[in-house]
Each structure stands twice: as C-alpha cells, then as structure tokens.
Amino acid sequence: MLKLNQISAGYGSFQALWDVDLEVKAGETVTVIGANGAGKTTLLRVISGLMAPTSGEITFEERSIADLPPHKFIEIGIAHCPENRRLFAKMTVTDNLKIGAYIPQARAEFEDRMAWVFDLFPRLKERRSQIAGTLSGGEQQMCAIGRALMSRPKLLLLDEPSAGLAPVIVDHVFEMVLRIRDEGFTVLIVEQNVQQVLDIVDRAYLLEVGRVKLTGPAEELKNHELVAQAYMGI
C-alpha cells in the first residue's frame, strides 16, 4: 500500500531523515519506534504531505504522491492524527468530528460515520456536546483519533498517541488501537512507548538519528538485544 524509497527530508540546513526505506502493506499495523529527535514525527509529516522530501520516492497504492498537494492526501485515503492531538479546543466533540468529514465522500455519509465512531468510542457519544478543551487527556485522544477516522481512511497515521497520558490511560489508548486494527484499518503508528506498542503491531522499524537501524516482525524486535537494552530497560 505505502512504500518509501530512499526518503530524505529536513528543515533548512538541518537534515532529519536519511535515505529511509519503509513499507506498509494493506491490513498491517506497523510501528516506527525510536528516541526523541530520531525523526519519527518528520517521517509522518512527509507521508501525510505536510512536508516535502528533499529526495526519494513515496508511492501509495502504486501511485507517486511526493508532489501531491497536502490537502489531497485525505482524499486519496491518508489521515494523520498528529502529536498532541491538535483539537479545536473551543469547539464541541461533534464539531471536531465534523471537521474530519469535510471531504465530499465523507460529508455524504456523515451521520453513518458519526454513529460508527460513537460505536467505536462510546465515551465520545456521552461527551458529544462537550467542549473539546474540557475533556480529559484520554478523551481528547479518542476525539482526535475519531476525527481522523471520520474520513474512513485507507491508511491511518498515529503520532505518539500515548504521549503525556497517565499509565492507566495509556493502556486504554493501546486498546483503542487494537480495536481500530480489528476493524480492518491499515495503521502506521509512531510511538516512544516501545514495550506496549510492540505487543499490538505486526512489524516495526527502529529509527535512530534519521536512519532506519532495524526492521522486522514486532516479536523479533522486542527480543533484539539493542531494543531491549536501549528502549525497554532490560
């Protein structure tokens, strides 16, 4: 579904990604793990069109998308749930979800998609008239993910969904990701919570200083000495 070939990217004179190769197949849940500053968020920004690569090729469903305008990415089926949620804090939960359904095909099915998101996240239905900025951290994350799902994307990008949340809420967030995976979505998730994310994905990439250091099945990386020592405290 998604292929990155020798992708490099940066900010001005600073290069954040170096010759990254990555693939996500339809129906897979894949994670990119690594420390702060490894280039994980930059990678998702490149994939969702928010940032242009300086070199390399990106294809989605065998179509080159490197030069596609950013607003077109949601139309071809890529939805990005950004780091720190980025909700419209003074708007209600329902209004935030409406924004996720702004493309024509989603607007035409708005009621059905809203009902589906509420079925996936019953707490959002209870809070549908509440101002988003007054939700708890976990509820805000549900709202952010729900907003991204309103377009029924072919590929869902999740950037640090557990960041800044209490441990008990982190467990709930990963349960949400499992439910989304079980619904048949293809998911690429960037995450620092290495131990938990490797328990719920099919494959993983370890990014270090902008380069892919390791890649393989999640179980294989979980048992790899480098990952165990550097990211899991073993």
Quiz prompt | Residues located in region 208-226, provided they are modelled with pLDDT of 85 or more and part of a helix (DSSP H, G or I) | solution = A218, E219, E220, L221, K222, E225
Quiz item: Cβ-Cβ below 6 Å, separation at least six or inter-chain, first residue in region 182-198 and more than 22 Å from L120 (Cα to Cα) and polar (S, T, N, Q), second modelled with pLDDT under 95 and crowded, with 22+ Cβ neighbours inside 10 Å: which pairs?
Solution: N193/S162
Quiz item: Just checking, how many residues over region 89-110 are assigned to a loop (DSSP other than H, G, I, E, B), loosely packed, with under 15 Cβ neighbours inside 10 Å and at pLDDT 85 or above?
Solution: 2
Quiz item: Which residue pairs have Cβ atoms closer than 7 Å, lie 6 or more positions apart in sequence or on different chains, and pair a first residue in region 76-95 that is without any contact (Cβ under 8 Å) to a residue 60 or more places away in the chain with a second residue that is of a type in the set (S, T, Y) and loosely packed, with under 15 Cβ neighbours inside 10 Å?
Solution: T92/S129; T94/S129
Quiz item: Of all residues in region 141-175, which are under 16 Å from T92 (Cα atoms) and not hydrophobic (A, V, I, L, M, F, W, C)?
Solution: Q141, G146, R147
Quiz prompt | region 118-157, residues that are among the basic types (K, R) and either surrounded by fewer than 19 Cβ atoms within 10 Å (Cβ to Cβ) or not in a helix (DSSP H, G or I) (or both) | solution = R123, K125, R127, R128, R152, K154
Practice problem: Search region 188-207 for residues being in a loop (DSSP other than H, G, I, E, B) and polar (S, T, N, Q), and hand back the single one that is surrounded by the most Cβ atoms within 10 Å (Cβ to Cβ). | Solution: N193
Practice problem: Filter region 208-234 down to residues that are closer than 17 Å to L44 by Cα and touching a helix residue (DSSP H, G or I) at 6+ places or on another chain (Cβ under 6 Å), then give me how many there are. | Solution: 0
Exercise. Sort out which residues of region 161-187 are in a loop (DSSP other than H, G, I, E, B) and modelled with pLDDT of 90 or more, and write them in order of number.
Key: F185
Practice problem: Would you check which residues across region 89-129 are within 19 Å of F185 (Cβ to Cβ) and of a type in the set (K, R) and list them? | Solution: R113
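The values are calculated or read from the model by the stated rules, or taken from the named source; none is laboratory data. Everything numeric here is computed off the predicted structure, so don't read it as measured data. When we count neighbours, we look across all protein chains shown, and the Cβ atoms used for this are built from the backbone with ideal geometry, even at glycine.
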